[in-house]
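Engineer: Before we start, here is the structure in question, set down as structure tokens.
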């Protein structure tokens, strides 16, 4: 149960603090020369390999981290999550995204009820609906098949599904299933995003999926009204029922909007937005694009990691190990950031998704009991696929700030190419960098080595690499739907582990709310100024000046923008 004692007051935390001095005396060059240590810092599960030997940690460090997990009651907290207890205490909710990918015969309780049958009821409905759309038995208002889908959502209703869609786009099985179809995601309330998403599409062949739990999210609903106008202007208001469906729990508002409540796909308050890609939020648009059978493999991959996380000993538990190492790097070694570096272009949207899952979950300054934290928690996450990132921000990682790195590699490319006469295949070239970069960060390059290479004295300091920069490597066997599900679940659970150790609530996001409420005041003022000519009142000098400039310079903008959209 939650305790008012901070983890930093435990003996385990104090022992790790004292241990930092020992680690500061070591260098990864020396740690990496110990083959037995390296061998023991590797874990395999279900085709995945985790190598964390390039972390600034000895076997003693890892042992102390396990003691910290014990002091934080990590196993109990994991069990409470899987048992459906209301571990999101500030919102009095369970946290059960694991139920979204549980097998049909599983039992996962929430408030004394097995929720798995409800999950599968929605999954079966998605399968039936997506097959009808894909095989042409569900058609648009003019009788044409709906081959294009625009999914409207923001935050977790956008980033997760976009990551999976981008990763599947180049998978051979998924390509075959998606032939002749398009899936686009509309998130930003900026009308430019609307224009980009409907360019080249016809309302006659487009299905719009509106994703909003409450059907009140400001950005999502304005975009939904805009696309409703786009469809109505071309096909008449009655066409909306054939061209728009919803993922929501608010059936009265869905119906009021003009969408048939029978075409609404449910999810539950125990699904956090950023953990919702495995719910109808992601499964519906992805099934419309790729077919339910491909998406079901994705769910099974995530479920495999769920079982591993729940039942494996900490010594062999990939999400637990990753979470503990993040706590070590952030709270003890003082590294605020983490780079997520997938060596696969298919994973180009992985870092943006994990950025949200991580920073929205663990971006907290108080404990779950409301006590200000006396230690650093949360990570600044960013990343780009290799090798693109190498020509961008790796300079800072090699010779500037120390930023722990996650290298993610894939054994078998989705799209292999081997040009005649080349030394290696294109994928081998990519993976050469995946294997080399962690060693470059760990070992660095000394002035002595540079002198042996006859580097001029005035360049020695510029070409010296200190090394001792931590990283870990995850090697996936391939990048199919199943592997993508595995990768997602590893990071979801890793983030939960960090929060459980830090003693924070990783499952609320009050920090998102303040800006929203202030935007409401601004919205009212803009409306009053534009429609009634009212002067700006109630804002500070800076905001007032900016708003005045904006209103004066944009007074000639047409007020009825949606009518312009069919012409875009």
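Engineer: Need the full-extension length gain, residue 18 to residue 30, defined as separation in residues times 0.36 nm minus the C-alpha distance. One decimal, nm.
Structural biologist: Net length gain for the segment: 2.2 nm.
Engineer: Taking 7 Å along the Cα-to-C-beta vector as the label spot, tell me the residue 300-residue 459 distance in nanometres, rounded to one decimal.
Structural biologist: Going by the 7 Å Cα→Cβ label model, 5.5 nm.
Engineer: A further question on this structure: So what's the angle, to the nearest 10 degrees on a 0 to 90 scale, between helix 218-235 and the longest Cα principal axis of the chain?
Structural biologist: The angle comes out near 40 degrees.
Engineer: Counting only DSSP beta bridges with both residues in the range 109-297, what percent are antiparallel, rounded to the nearest 5?
Structural biologist: Within the range 109-297, antiparallel bridges account for around 15 percent of the total.
Engineer: Measure nothing but the geometry: give the 0 to 90° angle between the long axis through the Cα atoms of 350-362 and the longest principal axis through the Cα atoms of the chain, rounded to 10°.
Structural biologist: With both axes taken from Cα atoms, the answer is about 80 degrees.
Engineer: If you line up the Cα atoms of the range 115-198 on their principal axes, what length do they span on each, largest first, in Å?
Structural biologist: The principal-axis extents, from largest down, are 37, 37, 30 Å.
Engineer: Another question, if that's okay. Would you mind putting 535-543, 77-85, 157-165 in packing order, based on average other-beta-carbon counts within 10 Å, highest first?
Structural biologist: Listed from highest to lowest mean packing, they are 157-165, 77-85, 535-543.
Engineer: So, one more: Among [x] 75, 63, 61; [y] 106, 61, 61; [z] 115, 50, 45, find the value of Cα extents along the principal axes in Å that was calculated from the structure presented, and write down its label.
Structural biologist: Answer by label: [x].
Engineer: Can you classify the range 344-403 as rounded, prolate or oblate using the Cα gyration tensor, where a ≥ b ≥ c are the square roots of its eigenvalues, rounded means a/c under 1.5, and otherwise it's prolate if a/b beats b/c and oblate if not?
Structural biologist: It is oblate, given that a/c is not under 1.5 and a/b is not larger than b/c.
Engineer: Which whole-number percent of Cα pairs in the range 109-297 have a distance greater than 26 Å?
Structural biologist: 24 percent
Engineer: When DSSP beta bridges are limited to those with both residues in the chain, what percentage is antiparallel, rounded to the nearest 5?
Structural biologist: Among the beta bridges of the chain, antiparallel pairing accounts for roughly 30 percent.
Engineer: Moving on to the next point. What spacing in nm lies between the two simple spin-label points modelled at residue 315 and residue 188, each 7 Å away from Cα in the Cβ direction?
Structural biologist: Inter-label distance under the simple model: 5.1 nm.
Engineer: Also: Run the simple label-point estimate for residue 541 and residue 169 please: 7 Å along Cα→C-beta, distance reported in nm.
Structural biologist: Distance between label points: 4.8 nm.
Engineer: Here's another thing I want to ask about it. On C-alpha positions alone, give me the angle between the axis of helix 426-443 and the longest principal axis of the chain, in degrees, nearest 10.
Structural biologist: 50 degrees
Throughout, read-outs are computed from the coordinates displayed, never taken from laboratory work. In this text the structure is predicted, and so the values were computed from the model without any measurement. Using ideal geometry, Cβ is built from the backbone for each residue, glycine included, and neighbour counts are taken over all protein chains shown.
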